[in-house]
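Before any comments, here is the structure.
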Amino acid sequence: MIRNVVLDIGGVLVDYHTLDYYTRKGYTEEQALSLKAVTMDSGYWEHIDTDLMPYDWILERMKALDTALAPDIEKSLRFQDGIVTHRAESKDWIEEIRRRGYRVLVLSNFSRPALRDCPQAMDFLGENLGGTGKIGDYGVIAEGILSCDVHTVKPYPPIYAYLLTRYGLIPEETVFVDDLEKNLDGAKQYGIHTILFHNREQVLDELSCLQ
């Protein structure tokens, strides 16, 4: 029997912006592609989510990849406001999952800058996890693992082990919902059930089939 539903954040509970993060800030698509290549598509982006290196160090390494873009890297990433945006329906969805009898947690690659700079998007996440939601309020999740707190990311095995150990979850009683197949593959190695996120109703339907 499934007792625990673990939700990813970016792409599941909030909209996560990549190329359009830059175009929404006024850059042309060509400029956005260049910026994305030396930031989000670089090997340094993962360091932001693990929070192992100082943010200034990461930005300097990105700037060194294309010095002509250095001012725009600084301008666009010093504050990451808008990198994730609010999904108004997320709290209702969380409560619907709970009404069906499940314990709801999060497991996400998420950075401290995104938590700091996008508070309006994080009202579903408890303050204890870095969000703006009041613990115990409607649609607020107060249990889970963020990569910046444990210094590792999906799909590497340690982050799933942290989740299971910290919250005493039994893998066979747990399902993980993510919008990326590679992150689900990491969970499967521990015997956790998985659902690839397409939309809210599809996830609810698949949950019903797992009973």
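Quick note: the coordinates plus some simple rules give every number you see, no bench work behind them. This one's a predicted model, so the numbers in the text were calculated from it and none came from an experiment. Reconstructed Cβ throughout: ideal geometry from the backbone, glycine too, with neighbour counts over all protein chains shown.
Here are the numbers for this structure:
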item	result
Cα centroid separation - segment 1-60 against segment 62-135, whole Å	10
Built amide H within the under 5 Å cut-off of L105, gap 5+	V5, V6, L7
Binned Cα-Cα distance frequencies in segment 18-77 - 10 Å width, integer %	24, 57, 18, 0
Fraction of beta bridges assigned by DSSP in the chain that are antiparallel (%, nearest 5)	10
Value at 222 nm in deg cm²/dmol, rounded to 500, when DSSP H runs of n ≥ 4 in the chain each add -39,500 (n - 2.57)	-11500 deg cm²/dmol
Listed peptides 93-101, 136-144, 152-160 by packing density, highest first (mean Cβ within 10 Å)	152-160, 136-144, 93-101
Relative contact order (percent, whole number), segment 26-87, Cα cutoff 8 Å, 6+ residue spacing	28
Shape box of the chain [Cα atoms, principal axes, largest first, Å]	55, 32, 29
Length-normalised contact order of the chain in % [C-alpha pairs under 8 Å, at least 6 apart]	25
Peptide ranges 107-116, 36-45 listed from the most packed, as the mean C-beta count within 10 angstrom indicates	107-116, 36-45
